Amino acid sequence: MKRTFALLAAALVAVPAFAQEREIEVEERGKFIPSVRIGIDFSPRGETPSVPHWGHGLEIGLTGASGEDTQFRGVGAPPLVFGGQTFLAGSGSTLNHEFEFGFFEIVYRFRHFFGDTKTFGIEALGGLGFATLDLTVSSPTQRANEKLESGGLVAGFGIIWKFLPETSLQSRLTLFGSGEREGVTGAARFDVFVAHALGRHAALRAGLTGWGIASERNEDDNFSSPNSHIRAGFGGFGLGLDVAF
């Protein structure tokens, strides 16, 4: 069903259902999504930095993906405005979308593990992020491009299960909000990874990740922008490298 991953962001930024036909919708599944994290451990010495453990730290992350999608527009659907152009809905019209997305974050991270074995833990994160969405929309007769960029706040929560001394199952929900009108106004990411320490200062993550991205343009009647809302989502196999100090 359309907007599998974009619905995550839509729910988190409270998008009304009646706006769906007035949005530019982009979705692609089965993507390869690489990521890199650099962690600086503030916890007491003696712990292996690449293996999750109790304590405070700083985390710097970078990820992104690119892809394409088509959006069917039925008769009677309202026009979409993007890149200074108006795309009308004709009989069985289709819009083609091409996108490149990038996300950078720098966050404070705290992890807490329970019990004597310290195998089950949770983590909380908060800090700053920067999101960019380079989107091209085209029809048989029109083509427009915009690059949306926004800085904002990042918050996250995760669960960690260390089922082997150097291997863990990790899930994390990350939220981004910019408070802006024309850029990337909101985003949400959900990860489920198996992580394995390759040594004291490196670990490899592999699993599933999904992104939902929103641009809430022209959200209220007092805002003069005619641009249509944008709802984008993608997900697939995620592969990440963690470098820890």
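The values are calculated or read from the model by the stated rules, or taken from the named source; none is laboratory data. Source: prediction; values computed, not measured. Cβ placement follows ideal geometry from the backbone for every residue including glycine, while neighbour counts extend to all protein chains displayed.
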If you check ARG73 against the conditions, is it among the basic types (Lys, Arg), without any contact (Cβ under 8 Å) to a residue 24 or more places away in the chain and touching a strand residue (DSSP E or B) at 6+ places or on another chain (Cβ under 9 Å)?
-> yes
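What residue, among those in the range 131-145 that are of a type outside the set (S, T, N, Q) and farther than 15 Å from GLN85 by Cα, is surrounded by the most Cβ atoms within 10 Å (Cβ to Cβ)?
The selected residue is ALA131.
Could you please let me know if HIS229 is surrounded by 16 or more Cβ atoms within 10 Å (Cβ to Cβ) and farther than 21 Å from ALA124 by Cβ?
In short, yes.
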Kindly indicate whether any position in the range 170-190 is out of contact with any Asp or Glu (no Cβ under 6 Å at 6 or more places or on another chain), among the charged types (D, E, K, R), more than 20 Å from PRO49 (Cβ to Cβ) and modelled with pLDDT of 95 or more.
-> yes
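Working only within the range 196-211, note down all residues that are farther than 15 Å from LEU164 by Cα and touching a residue at least 40 places away in the same chain (Cβ under 8 Å). Spell out the reasoning first.
Just the residues of the range 196-211 that are farther than 15 Å from LEU164 by Cα, to begin with: 200-202, 206-211.
If the condition is that a residue be farther than 15 Å from LEU164 by Cα and touching a residue at least 40 places away in the same chain (Cβ under 8 Å), then ARG200, HIS201, ALA202, THR209, GLY210, TRP211 are the ones that fit.
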Within the range 177-215, considering residues that are surrounded by 22 or more Cβ atoms within 10 Å (Cβ to Cβ) and in contact with a His (Cβ under 8 Å, 6 or more places away or on another chain), the one farthest from LEU239 (Cα to Cα) | SER215
Among (1) modelled with pLDDT of 75 or more; (2) not in a loop (DSSP other than H, G, I, E, B), the one test that GLN20 misses | (1)
Which one of VAL26, VAL36 is in a strand (DSSP E or B), modelled with pLDDT of 90 or more and surrounded by fewer than 18 Cβ atoms within 10 Å (Cβ to Cβ)?
-> VAL36
Is there any pair linking a residue in the range 135-154 that is within 18 Å of SER66 (Cα to Cα) to one that is of a type in the set (Phe, Trp, Tyr) and in a strand (DSSP E or B), with Cβ under 6 Å and at least six apart or on different chains, and which?
-> LEU135/PHE99; VAL137/PHE82; ALA144/PHE82
Quick check: anything in the range 214-227 at pLDDT 95 or above, under 22 Å from GLY151 (Cβ atoms), touching a helix residue (DSSP H, G or I) at 6+ places or on another chain (Cβ under 7 Å) and not acidic (Asp, Glu)?
-> yes
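Condition check: closer than 21 Å to ILE60 by Cβ and hydroxyl-bearing (Ser, Thr, Tyr). Does THR136 satisfy that?
no
Considering only residues that are polar (S, T, N, Q) and surrounded by 15 or more Cβ atoms within 10 Å (Cβ to Cβ), which ones fall in the range 156-170? If you could, list the steps in order and put the result at the bottom.
Of the residues in the range 156-170, the ones polar (S, T, N, Q) are 167-168, 170.
The answer is SER168, GLN170.
Quick one: which of LEU173, LEU128, LEU153, LEU148 is in a strand (DSSP E or B) and crowded, with 18+ Cβ neighbours inside 10 Å? Reasoning before the result, please.
Working: LEU173 fails: crowded, with 18+ Cβ neighbours inside 10 Å; LEU128 fails: crowded, with 18+ Cβ neighbours inside 10 Å; LEU153 fails: crowded, with 18+ Cβ neighbours inside 10 Å.
Residue meeting the stated conditions: LEU148.
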Selected residue (criterion: surrounded by the most Cβ atoms within 10 Å (Cβ to Cβ)) from residues of the range 73-107 that are of a type in the set (A, V, I, L, M, F, W, C) and at pLDDT below 90 = ALA89
